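Single-structure report; data block below.
The values are calculated or read from the model by the stated rules, or taken from the named source; none is laboratory data. From a predicted model like this one, the values you see are computed outputs, not experimental measurements. With ideal geometry, Cβ positions are generated from the backbone for all residues, glycine too; neighbour counts draw on all protein chains shown. To get the accessible areas, we keep the full protein, side chains included, count just its heavy atoms, and leave off ligands, DNA and RNA. Shrake-Rupley method; radii C 1.70, N 1.55, O 1.52, S 1.80 Å.
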Amino acid sequence: MAYEDPQIVLEWMDSLHELNVRTKKMFGCYCLYCDGQAVGWIHDSVLSLREVGLDYLPDDVRRPGPDDKIRELVIPFDHVRADWLPRAVQDTANIRKAQK
């Protein structure tokens, strides 16, 4: 299984530079961690962010349906520089940490 193009990963990470984030190669993707919490995956040029109920995301970010087994938001590469993205990643980490 081939991993994501490293340049794509660097662009996602650059957009999150003010956060405490890192990636780890895993299952053919890059797992994204924020403050030690697994918050999503970088694969096929998209960021799949865990669904935690954020209510301020744009309409074109696909949310999982009620019957979907995978509970992740699909954030297209078009949003790599979006103003809301760092907040969404940090909020996801904070919510996941509080849920443990």
Separation of region 13-45 and region 58-100 by C-alpha centroid, Å?
-> 12 Å
Grab the DSSP H runs of the chain that are 4 residues or longer, score each as -39,500 (n - 2.57), total them, divide by all residues and round the 222 nm result to the nearest 500 deg cm²/dmol.
-> -8000 deg cm²/dmol
Based on the Cα gyration tensor of the chain, what are the three equivalent ellipsoid semi-axes, each the root of five times an eigenvalue, rounded to whole Å and given largest first?
-> 18, 16, 15
With every protein chain kept in place and a 1.4 Å probe, the residues Ile70, Ile42, Ile95, Ile8 fall, from largest accessible area down, as Ile70, Ile95, Ile8, Ile42
Would you kindly find the accessible area of Leu10, with a 1.4 Å probe and non-protein molecules such as ligands, DNA and RNA excluded, rounding to the nearest 10 Å²?
-> 110 Å²
Per residue convex hull volume, Cα only, region 19-67, in Å³ is 118 Å³
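Starting from region 29-100, pick out the chymotrypsin sites (Phe, Trp or Tyr not before Pro) whose DSSP state is loop and whose Cβ has at most 13 other Cβ atoms within 10 Å.
Hits after loop and neighbour filter: Tyr56.
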